[in-house]
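Report on the structure given below.
The values are calculated or read from the model by the stated rules, or taken from the named source; none is laboratory data. This is a predicted model, so every value here is computed, not measured. Cβ sites come from the backbone with ideal geometry, for glycine too, and all protein chains shown count toward neighbours. Note: accessible area is taken over every heavy atom of the protein model, side chains too, but ligands, DNA and RNA are not part of it. Shrake-Rupley method; radii C 1.70, N 1.55, O 1.52, S 1.80 Å.
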Amino acid sequence: MATEAGPVLITGAGGFVGGALVRALAGTRTIIATDRIALDLGDLPGVTCVIGEIDDPAVVERITAEPLAALVHLATVAGGAAELDPARAAHINVAAAMALMDASAAHRNCPRLLFASSIAVFGDPLPAYVDDATPVSPMMRYGAHKAMLEEWVSTLTRRGAIRGLSLRLPGIVARPLAPSGMKSAFLSNLFHAIKAGERITLPVSASATSWLLSRRALINQFIVALELDNDPDSGRLNLPALRVQIGDLVTEVARQSGRDVTLVEHAPDAALEAKFGTQPPLTTAAAHNLGLRHDGDLAALVTHALADIDPRKDII
C-alpha cells in the first residue's frame, strides 16, 4: 500500500487506539484524523484533524472529498453504551458506518478499508475453542452491529468498491480510567488500581480466562494489515491474542508494579464472567500466516499495558 496516493482516513482518532495509530503513521502517510471530540494530533507531520460526528453529511463530505488511499474505521458506540441507547448505537454503528464506507468508495479508486470489528460477534456461551472457521452468533447489540458491518465490508469488496478487511479485536489493555461504555472495562481498570496501590474488586473469578492484547501489539497488527497485498477469502481476521487467566494476570501486574496481590478481590458476576471470563483456546492461523502477532507472552503484555498508563513512557 505504501505506493498509493491519497490520505489515510482514521475515524475514532481521539480514542485509545485511534490516537496511537495516528501517531504511529504520522510522518509516513498523509492522514485525516476525525472524531467527535477535540483532537491533540494537529501538530503531527502530515495530519489534518476534522472534528465532528460521522453521521453529519457535511463532515462526511469533507473527509471523503478526495480519493482516499485507505479508511481505518474505529469509531463506534461500544458494548454497554449500545445496550443503553439502542437507537443511537444502530444509527452510528450501522447506518452511519455504511454511509461513510460508501462515500469512501465514491471516487472509484478502490481504497483499502480496515474495519475494527470485535470478538463480540461470537456471542456467548462460546464453543470449546475458536478458530478461523467459528461461525458468528452475537448476543449483544454491539456484536450484532459488528457482524452486520463485516458483511457490508465483504459485500463492497465483492463489488470492487473497496479492498476491505474486518479485524476482530479482543480485549485491549490498558485503556484509560474513563467512561468507555465497555462492559469489559475492568480488564483495564485492574492495571490502574494495582499500579496505584488501590484495592479493586473484579467481577470475574481468578480462574477466568480472557483474550487480551496490548495497544502496542494491536497498532503493529493494523500497520501490517494496511499493507497486505492479499487478504483471506473471508475478508475477516480473528486477531492473535494471548489467552490469559485473570489470576495470573493479577500476579504479573502486581509483580511488575511492586504491589501486593491482596489488593485484588474477586466477586464474580455470572453474566460478565460468561461474556469475558470463559474465553476458550483461540487459534488465529490466518492472521498469523499474514504476519500479525500478539505480545508474545504475559510478561510482555503487562509491560506494554503498564507503559500505556505511565506518562513518562512512549504511548505506542
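Out of every Cα-Cα pair that segment 84-133 contains, those further apart than 17 angstrom amount to 57 percent. The C-alpha atoms of the chain define a longest principal axis, and helix 246-257 lies at about 90 degrees to it.
By the equivalent-ellipsoid construction on the alpha carbon gyration tensor, segment 168-316 comes out with semi-axes of 27, 18, 13 Å, ordered largest to smallest.
In this structure the amide hydrogen of residue 269, modeled in the peptide plane, comes within under 5 Å of the amide hydrogens of 204, none closer than 5 places in sequence on its chain.
Using the alpha-carbon atoms, what tilt in degrees (0 to 90, nearest 10) does helix 298-308 show relative to the longest principal axis of the chain? The two axes meet at around 60 degrees.
Evaluated over the chain, the count of Lys pairs having alpha-carbon atoms less than 22 Å apart is 5 (only pairs 8 or more residues apart or interchain). Computed from Cα positions, the angle between helix 16-25 and the longest principal axis of the chain comes to roughly 50 degrees.
For the pair residue 260 and residue 98, a Förster radius of 30 Å applied to the C-beta separation gives a FRET efficiency near 0.05, rounded to the nearest 0.05. Per-atom-type breakdown for the chain gives carbon and sulfur 53% of the accessible area (1.4 Å probe, protein chains only). Compute the accessible area per residue over segment 1-105, keeping the other protein chains in place, probe 1.4 Å, unit Å². Result: 40 Å² per residue. The relative contact order of segment 121-262 comes to 25 percent, based on Cα pairs under 8 Å that sit 6 or more residues apart. Kirkwood radius, the chain, all distinct C-alpha pairs, inverse of mean reciprocal distance: 19.8 Å.
Close amide H contacts of residue 30 (hydrogens built in the peptide plane, cut-off under 5 Å, sequence separation of 5 or more or a different chain): 8. Each Lys or Arg adds one and each Asp or Glu takes one away; over the other residues whose Cβ falls under 14 Å from the Cβ of residue 158, this sums to -1.
A Förster distance of 35 Å, applied to the separation of the beta-carbon atoms of residue 199 and residue 83, puts the FRET efficiency at 0.80.
Segment 80-135 and segment 153-192 have Cα centres lying 9 Å from one another.
If R0 equals 41 Å, the separation of the Cβ atoms of residue 234 and residue 177 corresponds to a calculated FRET efficiency of about 0.70.
Expressed in nm to one decimal, what extension gain is obtained for the pair residue 56 and residue 40 from 0.36 nm per residue of sequence separation less their Cα-Cα distance?
Taking 0.36 nm per residue and subtracting the Cα distance, the gain is 3.6 nm.
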